[in-house]
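I have placed the structure first, in the form of structure tokens, so that the comments after it can refer back to it.
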Amino acid sequence: MVHLKIGLRQPSRVVRHLSIVVVSAIALSLGSCTSNAPSTNSSASQTQSSPAATADKLQVVTTFLPITQFTKAVAGDRAQVTQLLPINIGPHDYQAKPEDVRKLAQADVLVQNGLGMEEFLKNLIKNAGNAHLLVIDSSQEVQTIATETIEGHEHGHELSEKQEEAKHIHGEVNPHIWLDPKRAIQQVENIRDGLIAADPSGEEIYSANSAAYIQRLRDLDGETTKLLQPFVGKTFVAFHDFAPYFATSYNLKAKFLLDVPEGNPSPNDVKRVMDTVKASNLKTLLTEPQSGQDAFAGLAKDLNVRVSTFDPMETGGTEALQPNYYITTMRQNVKTLVTAFTGKSTQSFLPIQTLQPVAVVPQQVGVRF
Ligand SMILES: [Zn+2]
């Protein structure tokens, strides 16, 4: 069966361990999931939502927001999709909880981003002891960018302790593939193939749903290419290291202050950003909705540039659980970026005054460079 490939190609220890789970899950799913699943040719079965129908549905657990958005886009009403991480906690610093083991023990399918983004799954899957669990690694066959080649590590300065730690967490490749719509399409395709493997009689639905969503991603990609065309070759600075795939996809260069959003900037980090902003004549630093505002507010003041936001969607509100959120948020991100390059004021700017009340300008930034 073609779908046996899912989860088998990753070189990491985690996924090799999972491959055994995948094989047994596919074998078992032929006998279990499919018999309970509603038939593909009944349109009524797609819309019913009685508790019995929900319990009968394929139970799919996703890790964090973009993975949930993509999985819901493919599954539609056919499967019950539940996100493992609380929406306000990102995958970089998530610590697994006992109830997570229970969630995985009861699931048919687990969908992850892959590329080391969800290290917490390693023990979780082991502890869940669910021989039926099919694990979909959405990064399968996606072209990756090595952590070492990312701008900011290439000037020969010594990595801070935090950067070393982040590198360890991330492994050798940057995991933020979902922020490139082209790679997001591949993730959606992988999720589609995985759900079909788990629930073959839903193939028609999963294929139709994914085709519709992929078309929206293609439109987004086309619009983005057009909007960013005038800025090809330019550099922008994001708060943490989430942007290399997006940047590469649109022939831009991305720099960052920190490897992971939870860190504190070192003097080297601050100097690197200051040099970049000065050299590239950048008008705006891009923070994230949930982090980076304090650190960037101080820097922006010193550099006399603005602060705006680019949302990597690692955390968000309840609306961020829906497939549409990815599209609208990426559109907004692109708009913000265009504004960052041109320096023209639009409503997407956060007024800088609100970001830097005297009390929150971080001392570590102010005194270290
Ligand atoms: Zn990240």
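The values are calculated or read from the model by the stated rules, or taken from the named source; none is laboratory data. Worth saying up front: this structure is predicted, and the values here are computed from it rather than measured. Here the Cβ is made from the backbone with ideal geometry for all residues, glycine too, and neighbour counts use every protein chain on show.
Numbers at a glance
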| read-out | value |
| --- | --- |
| Residue ID - farthest from the ligand (Cβ to nearest atom), chosen from residues in the range 85-100 that are in contact with a Phe, Trp or Tyr (Cβ under 8 Å, 6 or more places away or on another chain) and in a loop (DSSP other than H, G, I, E, B) | A96 |
| Complete set of residues in the range 77-102 that are over 20 Å from the mean Cα position of the chain (by Cα) and touching a residue at least 60 places away in the same chain (Cβ under 8 Å) | R78, A79 |
| Pairs where the first residue, in the range 103-124, is within 9 Å of L84 (Cβ to Cβ) and outside the structural domain of T82 (by TED's automatic domain parsing) and the second is part of a helix (DSSP H, G or I) and within 14 Å of the ligand (Cβ to nearest atom), C-beta under 7 Å, 6+ apart | none |
| Residue within the range 282-294 that is of a type in the set (K, R), in contact with a Ser or Thr (Cβ under 9 Å, 6 or more places away or on another chain) and either under 27 Å from L85 (Cβ atoms) or at pLDDT 95 or above (or both) present | no |
| Residue that is within 16 Å of the ligand (Cβ to nearest atom) and not in a loop (DSSP other than H, G, I, E, B), where the choices are Y245, Y213 | Y245 |
| Failed condition for L303, given (1) buried (at least 19 other Cβ atoms within 10 Å of the Cβ); (2) out of contact with any Leu (no Cβ under 6 Å at 6 or more places or on another chain) | (1) |
| Test: residue in the range 230-241 that is under 25 Å from T315 (Cβ atoms), surrounded by fewer than 22 Cβ atoms within 10 Å (Cβ to Cβ), within 13 Å of the ligand (Cβ to nearest atom) and not β-branched (V, I, T) | no |
| Matching residues in the range 248-277 - criterion: being closer than 20 Å to S291 by Cα, away from the ligand (no atom under 16 Å from the Cβ) and of a type in the set (K, R) | K271, R272 |
| The lone exception for L220 - which of (1) free of Cβ contacts under 8 Å to residues at least 60 places away in the same chain; (2) more than 16 Å from the ligand (Cβ to nearest atom); (3) part of a helix (DSSP H, G or I) it fails | (1) |
